[in-house]
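My structure is below; once you've seen it, I'll send some questions.
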Amino acid sequence: MLGLKLATEPAWANVAEKSLHDILNDHAYCEQKAATTCISLIVQYADKEELVDQLTPVVAEEWGHFRKVLKEMKKRGIKLERQRRDEYVNQLLGLMRKGGTYEDQLTERLLVCAMIEARSCERFRALSLHCAEADLRTFYHEFMVSEAGHYRMFMDLAELYAPREKVRTRWQQLLVEEAAIIESLGYRADRVH
């Protein structure tokens with residue numbers, strides 16, 4: 001469904017579970033950034049009624065996810081630390097084509113958002129299947145389902161505002177480039193991405 005070109009090794013989840021302090025901190029900030037990204041898109045593309053209608057409830061959902069991760073951290077005695085640089089997202093943002101029309105820039109942003117959601121979904125799936133702790137499997141299953149829906153929403157919005165064939169061609173290019181980013185970053189079990 002996601003079409004990612006480089007799958008996460010199942011063993012990543014077992015190593016990540018041992019770095020739960022780091023994973024939960026990173027996950028909390030991923031949710032916070034997802035909420036603020038949706039707000040930014042709404043502000044920048046306020047004239048796109050369907051985008052505003054679809055992203056507005058996602059802002060509340062992502063902020064709710066942030067709060068849910070904080071609650072899980074508190075339950076485990078883990079404190080929220082300072083945000084770390086997200087090299088994965090920064091490199092994805094660097095893939096965005098510059099210039100073009102207003103709609104071209106919107107398409108680029110929507111596709112990068114879809115990619116982040118797709119990779120998050122894939123990582124949360126790994127955690128939901130391979131964590132030793134049953135509570136963590138359930139916790140991450142809920143996030144996996146949500147991220148899959150967000151991935152699909154961003155793809156659908158991209159196809160609403162740009163020709164389908166153009167979106168699909170660009171998506172295939174981004175999938176290849178994203179796999180190269182994942183490979184270059186190596187096996188990092190202290191981050192969601």
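Being more than 18 Å from THR37 (Cβ to Cβ), touching a residue at least 40 places away in the same chain (Cβ under 8 Å), part of a helix (DSSP H, G or I) and not charged (D, E, K, R) is true for just one of LEU174, LEU127. Which residue is that?
None of the other options fit; the residue is LEU127.
Right, next: When the stretch 18-31 is examined, which residues are found to be surrounded by fewer than 18 Cβ atoms within 10 Å (Cβ to Cβ) and not basic (Lys, Arg)?
Hits for the stretch 18-31 are SER19, HIS21.
ALA189 is checked against (1) in a helix (DSSP H, G or I); (2) in contact (Cβ under 8 Å) with a residue 24 or more places away in the chain and fails just one. What number does that condition carry?
Looking at each condition in turn, ALA189 falls short on (1).
Here's a check for you: in the stretch 155-191, which residue that is aromatic (Phe, Trp, Tyr) and out of contact with any Lys or Arg (no Cβ under 9 Å at 6 or more places or on another chain) is nearest to MET73 (Cα to Cα)?
TYR187
Among the residues of the stretch 9-64, count how many are over 15 Å from LEU110 (Cβ atoms), polar (S, T, N, Q) and touching a helix residue (DSSP H, G or I) at 6+ places or on another chain (Cβ under 9 Å).
5
Quick one: in the stretch 94-123, which of the residues that are out of contact with any Leu (no Cβ under 9 Å at 6 or more places or on another chain) and in a loop (DSSP other than H, G, I, E, B) is nearest to LYS5 (Cα to Cα)?
ARG97
Look through LYS18, LYS33 and report the one residue that is of a type in the set (Lys, Arg) and over 21 Å from GLY149 (Cβ atoms).
Criteria check complete, one pass: LYS18.
When you check LYS166 against the structure, is it among the charged types (D, E, K, R), touching a Ser or Thr at 6+ places or on another chain (Cβ under 8 Å) and surrounded by fewer than 17 Cβ atoms within 10 Å (Cβ to Cβ), yes or no?
Here the answer is yes, as LYS166 does meet what is asked.
List the number of the failed condition for LYS98; all other conditions in (1) at pLDDT 95 or above; (2) under 24 Å from ARG170 (Cβ atoms); (3) not aromatic (Phe, Trp, Tyr) hold.
So LYS98 meets the others, but not (1).
Here's a follow-up. So which residues in the stretch 157-171 are in a helix (DSSP H, G or I) and touching a residue at least 40 places away in the same chain (Cβ under 8 Å)?
Result: LEU157, ALA158, LEU160, TYR161, LYS166, VAL167, ARG170, TRP171.
Same structure, new question: Among the candidates GLU133, GLU147, single out the residue that is under 24 Å from GLY64 (Cβ atoms) and buried (at least 21 other Cβ atoms within 10 Å of the Cβ).
GLU147
Looking at the stretch 68-93, which of its residues are surrounded by fewer than 12 Cβ atoms within 10 Å (Cβ to Cβ), outside any loop (DSSP other than H, G, I, E, B) and modelled with pLDDT of 95 or more?
Selection gives LYS71, LYS74, LYS75.
The values are calculated or read from the model by the stated rules, or taken from the named source; none is laboratory data. Quantities reported herein were computed from a predicted structural model and do not represent experimental measurements. Neighbour counts run over all protein chains shown; Cβ positions are idealised from the backbone, glycine included.
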